[in-house]
Amino acid sequence: MGHLSSSEKTFKATPRRREEARRKGQVFKSTEMVSALLLASFIGVLKFWFPIMIEKVQELFVHIYNLPFDWTINSVATISREVGLVVAQIMAPLLIVGALIATGANYVQVRSLFTVEPLKPQLSRISPISGAKRMFGVRAWVELAKALLKIIFIGYFLVATFRDNFEVFPAMARFTVGQGAVFIGNLVIDLGWKIALSFFIIAAIDFLYQWWDYEKNLRMSHQEVKQEYKQSEGDPQIKGEIKRTQRAMSLNRMIQD
């Protein structure tokens, strides 16, 4: 039976190794999970906020339509301010929820962490060999697979949505502006839920892969484990010498006494 090489990384990372990696910015995180949560939260807010959005836009159009036809610099500036205010009111809930979800999802995964270590220049980043490894490595293929899955899911749901509503689209010519907006809005929300669900499936796969890759990169060789033990507990040879010296000194004191 062959012996493992001391350079083979087969040991799980120690707490000290994990802490050192964390200080360097090497943490476990799935960006796909954050993206899926963001999309789902946007769709959820949009579902409840959409009627209010339609109402505010209608009120704005009616207000602008009833204004006297006086296209001066002041009137255009006033209308621009009013439009900007309505847009801000419409977008505020989406932006607030998005910021909270993104912050919360990242905090749950990496906790509070601030480090400039990843920003420091490294020769490995500009090395052609390292670049080729990144380009054709497992991670690159995983990223490609995720991108293709997203395209497939989005394409399928778009085609299915148009197919299911193909007979309704011509009838929209008889809809009022409000009816058309409500129909399109509900269509977008329904499509968004389906895409968000598919993104969660991708995120779950990505979560498992990122965890596996993170643990693999933190693995330690037998030599690294021994070296860490020496650094934390002290070199056994030095400790042995110290003990022998202490025993000799103790023996000398006993003889003198």
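The values are calculated or read from the model by the stated rules, or taken from the named source; none is laboratory data. The model shown is predicted, which means the values in this text are computed figures rather than measured ones. Neighbour counts run over all protein chains shown; Cβ positions are idealised from the backbone, glycine included.
Points to keep in mind about this one:
- Scanning region 20-52 for residues that are of a type in the set (A, V, I, L, M, F, W, C), more than 27 Å from residue 150 (Cβ to Cβ) and assigned by TED's automatic domain parsing to the domain that holds residue 93 gives a single hit, 52.
- Within region 139-176, considering residues that are in contact (Cβ under 8 Å) with a residue 40 or more places away in the chain and among the hydrophobic types (A, V, I, L, M, F, W, C), the one farthest from residue 208 (Cα to Cα): 157
- Any hit, region 57-78, residues being assigned to a helix (DSSP H, G or I), farther than 19 Å from residue 189 by Cβ and among the acidic types (Asp, Glu): yes
- The single condition among (1) modelled with pLDDT of 90 or more; (2) surrounded by 11 or more Cβ atoms within 10 Å (Cβ to Cβ) that residue 151 does not meet is (2).
- Screening residue 192 against (1) over 30 Å from residue 61 (Cα atoms); (2) at pLDDT 85 or above leaves a single unmet condition, (1).
- Region 154-182, residues that are of a type in the set (Asp, Glu) and in a helix (DSSP H, G or I): 164
- So residue 256, is it exposed (fewer than 12 other Cβ atoms within 10 Å of the Cβ), of a type in the set (S, T, N, Q) and modelled with pLDDT under 75: yes
- Hits in region 154-186 - residues which are surrounded by 11 or more Cβ atoms within 10 Å (Cβ to Cβ) and among the charged types (D, E, K, R): 164
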